[in-house]
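J.: To start, I am sharing the structure in question, which I have written as structure tokens.
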Amino acid sequence: MDASSRAALAVVRDRLSEITRPASGLLERARDRLTGLERAASPEELAALADELFAVARLLDGQVSLRRALSDPSGSPADRAGVARRLLAGRVSEATLDLVETAARQRWSRPLDLVEATEALATDAALDAADARGELDGVEDELFRFGRIVAGDAELSRILSDRTAPAAGKAALLDRLLTGRVSPISALLLRNHLTGRAVGNAENVVERLSEAASTRRGQSVARVTTAVPLTDAQERRLTELLGRLYRRPVGLQVTVDPSVLGGLVIRVGDEVIDGSVAHRLEAAGRRLVG
């Protein structure tokens, strides 16, 4: 997204924050009655909101003319919002409709940005639901672990990353893999993000979801690769060291990979700290050849 679309997304996210928090006090509740604002603040309402927003994103992704109509800069904001209301009224909740109308009133650099923004709102609402249920830590862990499963299974990664594979087939596969094994919110996020036409690399998609959950918890993610499992004491020590280094809370996501031989490979965002034996051997070999 360029600057104008990012600004538009920020406006709609602010509206999402307003809709998904409980009214504070009599005055705000009275204002809600006057304006007709319907909030979605309970865990069940938040999950339903996320599900509907994902459905709207799929609709916009599949209907080129619709997303163009809702983002056409030659039309007035009111006209674009009117299109959204005529299409969706009675089919989705008022909270979902409010957000789609708000999005339609904004200026988007390209129609596909509206699809991406709607999916981002759905993800935010799903993570809000997990937070309201006290399940955010568990959702982050489930997303990370599923990402490791995808990374370790070349055939599964190929299928889920295949843009030409039918979405229904992917959804059925994900249902078999996830049902009864992860929370409903993790399943909702994975199913919707991994069945889109523009999914790209499945491992990267799941990694971004895991990072979004960690960010919602107010911390950065350190992806640690080690030759052998770390003890609880080692994980606590590493967490403290990284927290001091980056001057913010850091959560660990640890993968055991014997190919590193010893030591650790740590990735925080785009920064990589490679202290593995394999890396040191490779560096020594380059020096010998040089």
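J.: Say whether the condition of being more than 17 Å from D141 (Cα to Cα) and part of a strand (DSSP E or B) is met by at least one residue in region 220-227. Break it down into steps so the answer makes sense when it comes.
T.: Just the residues of region 220-227 that are more than 17 Å from D141 (Cα to Cα), to begin with: 226-227.
Keeping just the survivors that are part of a strand (DSSP E or B) gives 226.
Yes, region 220-227 contains at least one residue that is more than 17 Å from D141 (Cα to Cα) and part of a strand (DSSP E or B).
J.: Tell me, yes or no, whether region 231-247 has at least one residue that is touching a residue at least 24 places away in the same chain (Cβ under 8 Å) and touching a helix residue (DSSP H, G or I) at 6+ places or on another chain (Cβ under 6 Å).
T.: No, that holds for no residue.
J.: Just name the residue that is nearest to E44 (Cα to Cα) out of those in region 89-101 that are crowded, with 22+ Cβ neighbours inside 10 Å and among the β-branched types (V, I, T).
T.: Among those residues, the one meeting the criterion is T96.
J.: Could you pull out the residue among S109, S93, S76 that is more than 23 Å from the chain's Cα centre (by Cα) and of a type in the set (S, T, N, Q)? If you could, list the steps in order and put the result at the bottom.
T.: Details: S109 fails: more than 23 Å from the chain's Cα centre (by Cα); S93 fails: more than 23 Å from the chain's Cα centre (by Cα).
Going through S109, S93, S76 in turn, just one is more than 23 Å from the chain's Cα centre (by Cα) and of a type in the set (S, T, N, Q): S76.
J.: In contact with a Pro (Cβ under 9 Å, 6 or more places away or on another chain) and assigned to a helix (DSSP H, G or I) - does that describe any residue in region 146-168?
T.: No, the conditions are met nowhere in region 146-168.
One line per residue, one yes/no per condition, for (1) outside any helix (DSSP H, G or I); (2) touching a strand residue (DSSP E or B) at 6+ places or on another chain (Cβ under 6 Å); (3) modelled with pLDDT of 90 or more:
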position: G134; (1), (2), (3): yes, no, yes
position: L143; (1), (2), (3): no, no, yes
position: K170; (1), (2), (3): no, no, yes
position: I185; (1), (2), (3): no, no, yes
position: L189; (1), (2), (3): no, no, yes
position: N192; (1), (2), (3): no, no, yes
position: R197; (1), (2), (3): yes, no, no
position: G200; (1), (2), (3): yes, no, no
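J.: Now for a separate question. Pull up region 167-213, narrow it to residues that are more than 19 Å from P43 (Cα to Cα), in contact with a Gly (Cβ under 8 Å, 6 or more places away or on another chain) and small (G, A, S), then point me to the one that is surrounded by the fewest Cβ atoms within 10 Å (Cβ to Cβ).
T.: The residue in question is A167.
The values are calculated or read from the model by the stated rules, or taken from the named source; none is laboratory data. Note that the structure is a prediction, hence the values are computed from the model and not measured. Virtual Cβ from ideal backbone geometry, glycine too; neighbours counted across all protein chains shown.
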